[in-house]
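Quick notes on the structure that follows.
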Amino acid sequence: MSKPKISVIVPVYNVENYIDRCINSIINQTFEDLEIILVDDKSPDGSPQKCDEWGKQDGRIKVIHKSRNEGLGFARNTGLEYAMGEYVTFVDSDDWIDLNMYSDLYSLCKQYNADIIYSGLKRINAKGEISLLPHIDKFTVYEGNEISSILMFDLIASPPNERNDRRIQVSVDTCLFRREIIASNNIKFHSEREIISEDLFFHIDFLPYIQLAIVTPNRYYYYFWNDQSLSSTIRTDRFEKYKTLHTELSKKSHSKIMQQRIDRILIGYTRSFLKKIVTYPIPNNHKISLFKNICNDSIWETIEKRYPTNKMFFIHRIIFLLIANKHYKLLYTLLNLFTK
């Protein structure tokens with residue numbers, strides 16, 4: 001039996017209300033030479049049974065039941081152990097994809113002999129409202145040093161002067177990866193429970209081994225943002241996780257520009273987190289306390305000394321300087337006005 005052209009790995013956990021929509025969008029692709037690997041991450045709901053039912057309906061589907069829950073990153077690693085395709089990709093089990101996604105992406109990979117292709121995504125909420133997340137707006141080919149500098153840097157974060165924090169969406173779900181590169185170099189996902197943005201680390205570990213990458217501006221992936229079920233309690237450990245991400249990325253930095261992009265990802269994530277704190281239904285004194293702890297962190301002294309604040313997008317610069325100079329009450333007031 002010949003190997004499939006594309007392996008699609010789908011981690012499954014607590015998605016019994018969504019998984020049918022996801023799998024339908026994969027099995028009905030116009031590109032049929034697929035293997036579909038459903039990795040049940042010891043889900044406690046009816047998802048495992050649904051996986052088994054799908055496995056009986058379509059011979060391209062493999063179902064793997066894990067003996068213990070380990071999270072998204074490790075579930076993807078389990079899928080990689082079984083994948084046999086020329087290229088490999090991923091789909092989160094509450095999301096779905098356009099029916100021509102893999103036909104279009106595989107055709108471009110073969111045309112350019114690409115080791116990876118990036119595409120964009122659309123965010124859709126429970127009301128069916130769609131928003132387009134920032135993504136490069138023209139078809140681009142990267143070769144040689146462009147991969148380790150331009151492409152990798154833009155995946156980490158944008159230059160200081162740009163409004164959007166990223167030029168290219170970092171989600172592995174929008175990509176096709178040449179599987180042999182992953183297998184021969186033992187590239188694995190980190191656990192998102194230890195280091196957030198595990199997708200970004202996977203890209204950083206993958207890119208040094210490739211010869212050619214392409215980015216298409218087309219968006220095929222529907223990221224389901226269930227805003228109606230978002231938690232009403234703030235995740236107070238978020239900033240610490242952002243700092244851990246910043247520390248681990250900084251270990252991989254090999255240039256001043258790369259460090260600037262790594263600093264920007266912390267600045268951007270923190271800014272978004274602070275905006276989110278303002279909207280949560282918790283007492284104002286609790287919100288202000290969170291602002292104070294973040295602004296008083298010593299990491300901002302280090303970043304302010306080396307980051308080109310004079311080049312920052314105007315409102316980003318104002319927010320960053322308020323953080324770095326510990327004006328947490330003024331910052332809270334400002335962001336509170338923005339969200340009204």
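Distances between placed amide hydrogens fall under 5 Å for G85 paired with S7, all partners being 5 or more residues away or on another chain.
So, in Å, what gap is there between the alpha-carbon centers of the range 310-328 and the range 1-72? A separation of 45 Å, based on Cα centres.
The F31 and L132 beta-carbon pair, evaluated with R₀ = 22 Å, returns a calculated FRET efficiency of approximately 0.40. When the alpha-carbon atoms of the range 1-119 are used, the pair Rg, Dmax equals 13.8, 43 angstrom.
Cross-link pairs exceeding 23 Å in C-alpha to C-alpha distance, out of K62/K127; K122/K251; K243/K305; K275/K326, comprise K62/K127; K122/K251. Between S255 and T302, the simple spin-label model (points 7 angstrom out along Cα→Cβ) gives 2.2 nm. Listed by chain and number, the aspartates and glutamates whose alpha-carbon sits under 16 Å from that of K188, ignoring those within fewer than 8 places in the same chain, are E70, E81, D173, E180, E198, D199, D205, E248.
Using Cβ counts within 10 Å as a stand-in for footprinting exposure, how do M101, M258, M84 rank, fewest first? Write down the numbers at each step before the final one.
Working: M101 24, M258 19, M84 15.
Fewest-to-most ranking of M101, M258, M84: M84, M258, M101.
Distant-in-sequence amide contacts of N218, defined by a placed amide H-H separation under 5 Å and a gap of 5 or more residues or a different chain, comprise G120.
Every number here is computed from the coordinates shown, using simple stated rules; none is lab data. Treat the numbers as computed from the prediction; the structure is a model and nothing was measured. Glycine also receives a Cβ, built like all others from the backbone with ideal geometry; neighbour counts cover every protein chain displayed.
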